[in-house]
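A short worksheet on the structure shown next.
No value in this document is a laboratory result; all are computed from the given coordinates. Bear in mind that the values here come from a model prediction, so they are computed numbers and not experimental data. Neighbour counts are summed over all protein chains in view; Cβ atoms, including those assigned to glycine, are modelled from backbone coordinates with ideal geometry.
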Amino acid sequence: MFAEVVISRTASDLDKSFTYAIPETLQEEIKLGSAVVVPFGRRRDVGYVVGFVEQCEFKGIKEIISLAAAEPVFSEQAVQLARWMADYYLSFFLTALRLVMPPGIRKIEARRAVAKRETSGEKRQADAQRTTHNDSRLATALRLTDEQAAALKEITTALDAGQQKTFLLHGITGSGKTEVYLQAIAHILPKGESAIVLVPEISLTPQMIRRFSDRFGDLAVIIHSELKPKERAEAWRRVMSNEVRIVMGTRSALFAPVKNLGLIVLDEEYEHTYKSDKSPRYHANEVALELAKLHNAVVVYGSATPSLETYYRAEQGEFTRLVLPKRIDDRPLPPVTIVDLRAELKAGNFGVLSQRLSAALKETLENGQQAILFMNRLGYFTFVMCRDCGLTLQCPDCAVSLVYHTSDKQVRCSRCGHARPAPAFCPRCNSSSIRFFGTGTQRIEDEVAKLFPAARILRYDRDTVGQHGSHEKFFAAFAAGEADVMIGTQMVTKGLDIANVTLVGVISADTALSLPDFRSAEHTFQLLTQVAGRAGRHHLPGQVIIQSYNPEHYAIKAAAKHDYDLFYRRELEHRRELMYPPFTRLISVTVTAAEEKKAAKLIDQLADLLTARLKAGVLGPAPAPISRLRGEWRYHLLLKGTELTGMRSAVREVLAKAVIPADVKLAIDVEPLSLL
Ligand code: ADP
Ligand code: ZN
Ligand code: ZN
């Protein structure tokens, strides 16, 4: 027997495996997934066994020296998944393989042993029994509504039949999707199966996480990016030993080594955090489907605002759609009013709150109820301009406007953090006519405080979270009624389930619409629907006020009507006309370099090679919409076509031919979610 080994050190230059002979003494110990020490070149290296071959023609084959860790560090399915990811997302195999390896693997590479794992059948049975006692301190299941019960029935039927099936649980905000996830999981535990539950961001979903730990106690573990390496390794160990049967986490929780995977849940499947921003640039939604195939598991995508692609796939019959059309107890969705900001201006109101919104806020405060005000921009004024020469202050390292923050009277870059004192004179013409424009969260806080001096205001954005501690503290303080108004960015749009919140105000619905990305309308619709869903979730009726300079836009009108279908039909036509996903598939290629010429040269070369190979469907090359970032120049091109496999092969071939200088970075994004 011979082993196929990938060498840990070589990811960036050698994307292949090497064959080694297995010495007699190690025949028993070496398994798929074993970390081994091998001779490589003139030195020794750690490698991973990714397969076996019976024969090897090669003369002078070398032998594996020893095991680097007692137990395998990944399973066969994990290798298959990594192979699939490397192939689909055009990454190095070893880079993909690292995702499925236990944390602390670098230590193994420094030749330390990992914790032992137990896999005996008796252990599994004992675990299964332990969970059927599902302890008296734990919260019990709620009695499902008819709609919830019907959705659960379809899911459990597929689970019991061992069918590999994907559901789209399309339920409006507050319709009880989470309870369906909880009971589907409770259903598979007595069978000895496990579940993976993905959420877009751990810190923003504390209420949901708590419901899982209240229901499943120690059987659930949370894996997220803020775990310390030791905690992460411990969580991984508990999953491997089958002590833990429910893994909750962000996208990388997909790679936890669960036993007998039965169910994968992706909550708010449209969220862009499910897409990795590092190679392999995988999309957890797609990887979940592949993982489910390998384990014969069921996938449940849940959302009030499914992504266009997902909904389209459900329409085409690839996924089964389950609908929760009503809120629990028939609580109505809050009525939404759109305020035309152009009319406000004409009427002489230059403030950030329209007449309508400030009247509603006054009433809410008088009733002792709470309000959420949403604004997608940080800082006080969002741009600074010279009235004499027209210069706008830009970050020297990124192609974006600098934002004025009152707290320290500085102008700051929201992308790289560059900060400096706000200038009193124009840096170009030296005029004193420097003026500030645009609205950020600080300015709203200021205006609300002036209008309602007695109101207790909590500003919740990246600046204040940084200063005052965790997201959870903000959630808890607001839930406990320690503030009357919460003003914040995107972070206030999801997760909050607070009975006393009866007013949601959107200060400007237009900020997301203006982004140069074909998904900007979809993104706006999703944001507005989610934030509107925060109002009136319990016995008190709520209302929503959306302010906009584009009140006629279909994304805003559909969100105001809580009408997903209306939005979907309109947007789908739009995508068909422009030939964008779901009607085409995309691959983006972005080149970044400190020297502009080098970036431009490489992107031109890649564009020529790709055009020669593909003939059509190469858009660009061009400077990326964010043309400069952290001091580097960015150029990109986009491949658009209907046959993703062919497009992927073309990129693979071209990459093999192109000469990529060491000081130029290349990012390949298969099915990108952002084109900035
Ligand atoms: P979603 O995930 O669809 O936004 P949730 O699962 O958070 O909705 O449910 C909204 C609210 O209704 C929560 O407070 C939840 O505890 C409650 N709830 C869910 N299902 C039921 C049920 N069957 N009976 C009573 N209350 C329920
Ligand atoms: Zn000037
Ligand atoms: Zn910057």
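The figures follow:
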quantity	calculated
The stretch 617-676: GluC sites (Glu not before Pro) in DSSP loop, at most 16 other beta carbons within 10 Å	Glu643
Gain upon complete extension [Met579, Ala149; 0.36 nm per residue less C-alpha separation]	150.9 nm
Partners for Lys615 among lysines (Cα-Cα distance below 20 Å; same-chain residues under 8 apart left out)	Lys640, Lys657
Sites Ile626 and Glu24, calculated FRET efficiency, Cβ-Cβ separation with R0 35 Å, nearest 0.05	0.05
Test item: Cα-centred dipole of the chain, Lys/Arg +1 and Asp/Glu -1 on Cβ, debye	1260 debye
Computed lengthening from Asp517 to Cys416, 0.36 nm per intervening residue step minus Cα-Cα distance	34.2 nm
Cα gyration tensor category, rounded, prolate or oblate, for the stretch 585-670 with a/c compared to 1.5	prolate
Beta bridges per DSSP with both ends in the chain, % antiparallel, nearest 5	50 percent
DSSP beta bridges in the stretch 112-329 [antiparallel fraction, %, rounded to 5]	5 percent
FRET efficiency estimate (nearest 0.05) - Cβ-Cβ, Cys429 to Glu472, R0 51 angstrom	0.60
The stretch 553-676, relative contact order in percent, only Cα pairs under 8 angstrom and at least six apart counted	33 percent
Inter-probe distance in nm under a simple model that places probes 7 Å from Cα toward Cβ, at Ala455 and Lys597	5.6 nm
Two-decimal ratio, the chain, of alpha-carbon radius of gyration to 2.2 N^0.38 Å	1.04
Calculated FRET efficiency for the pair Ala612/Asp87, C-beta based, R₀ 30 Å, to 0.05	0.80
Prolate/oblate/rounded label for the stretch 493-559 (Cα gyration tensor, a/c 1.5)	prolate
Extension gain (nm, one decimal) between Glu363 and Glu482, 0.36 nm per residue minus Cα-Cα	41.0 nm
Part-to-part distance (alpha-carbon centres) for the stretch 489-555 and the stretch 180-216, which is given in Å	27 Å
Lys/Arg +1, Asp/Glu -1 at C-beta; the chain dipole; positive extreme among Ser203, Ile603, Val36	Ile603
Near-label residues of the stretch 322-359 by backbone N, under 12 Å of a point 7 Å along Cα→Cβ of Tyr549	341-343, 345
